[in-house]
């Protein structure tokens, strides 16, 4: 009978985990849609997509914000780190640049956040499972510790993907506006300032910061534009920036190149969205099978297993 109870417990734990994962994904999708609706408000109020001022609403943003807070706190001489000294010196911020957190996350802060989240997940799993049984408490504690340890890398990768997707959505619009300004007789700097002054997007904020840098002499225009391209995980944006840099350096016609790049960006974004829509039914088969199949097996094979166990 013990192994039958173990099968039931494993099936219930698997079903609960799959249900939790589905609820988490639905929550992320709902929050993303809510932020998008708030970002395109027609009343002229400030957009919530302004990267430097938006609130940490999702779980991923809260984790990244907590890591940034610990990065600032670790610089204080009064800080008491939980992380060993040999671990704080190891590099761990490879995804910080593409996640838009370059300069705000340090290696010590990232390791400190991972250790604290792992300890928090271990204690939460131990308390949740220990109320039922010792075995379940140990299993949930190990799962919580592993989840907490990997939470920050997952959050950084998710933030990088969201930033790249938002940039590719706004890239064609930016190129069209800059090309229209240059065809009207404006310079590239004035056309870019026209876009950044009338649009409230992540890309507009990043380009506005770069424009201020080369206007104040803190960096050259080529370096500032390449730094913006490096902060996004998008090969298309890197090609567009290199094309702009070469055209401005050698005096080539830039408006036609920007319009061609805008058409390419628009068609590429449309193709990726169509691909995501085509993959959606296939991806829905995974949670459906994980949630339904264990329940059906328990319902059908459960009485048979109980009769076999009672016969022995």
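Values in this text are rule-based calculations from the coordinates and carry no lab data. Note that the structure is a prediction, hence the values are computed from the model and not measured. Heads up, the Cβs are rebuilt from the backbone with ideal geometry, glycines too, and the neighbour counts pull from every protein chain shown.
Among the residues making up segment 243-255, those that are free of Cβ contacts under 8 Å to residues at least 12 places away in the same chain and assigned to a helix (DSSP H, G or I) are 246, 247, 250. Scanning segment 284-304 turns up one or more residues that are under 30 Å from residue 171 (Cβ atoms), part of a helix (DSSP H, G or I) and under 22 Å from the mean Cα position of the chain (by Cα).
In this structure, is residue 105 closer than 18 Å to residue 81 by Cβ, more than 17 Å from the chain's Cα centre (by Cα) and surrounded by 20 or more Cβ atoms within 10 Å (Cβ to Cβ)? Taking the combined requirement at face value, the residue does not satisfy it. Just one residue in the set 205, 209, 222 is free of Cβ contacts under 8 Å to residues at least 60 places away in the same chain, surrounded by 14 or more Cβ atoms within 10 Å (Cβ to Cβ) and either out of contact with any helix residue (DSSP H, G or I) (no Cβ under 7 Å at 6 or more places or on another chain) or at positive phi (or both); that residue is 209. Reported count of residues in segment 226-242, each being in contact (Cβ under 8 Å) with a residue 60 or more places away in the chain and either part of a helix (DSSP H, G or I) or more than 15 Å from residue 161 (Cα to Cα) (or both), is 4.
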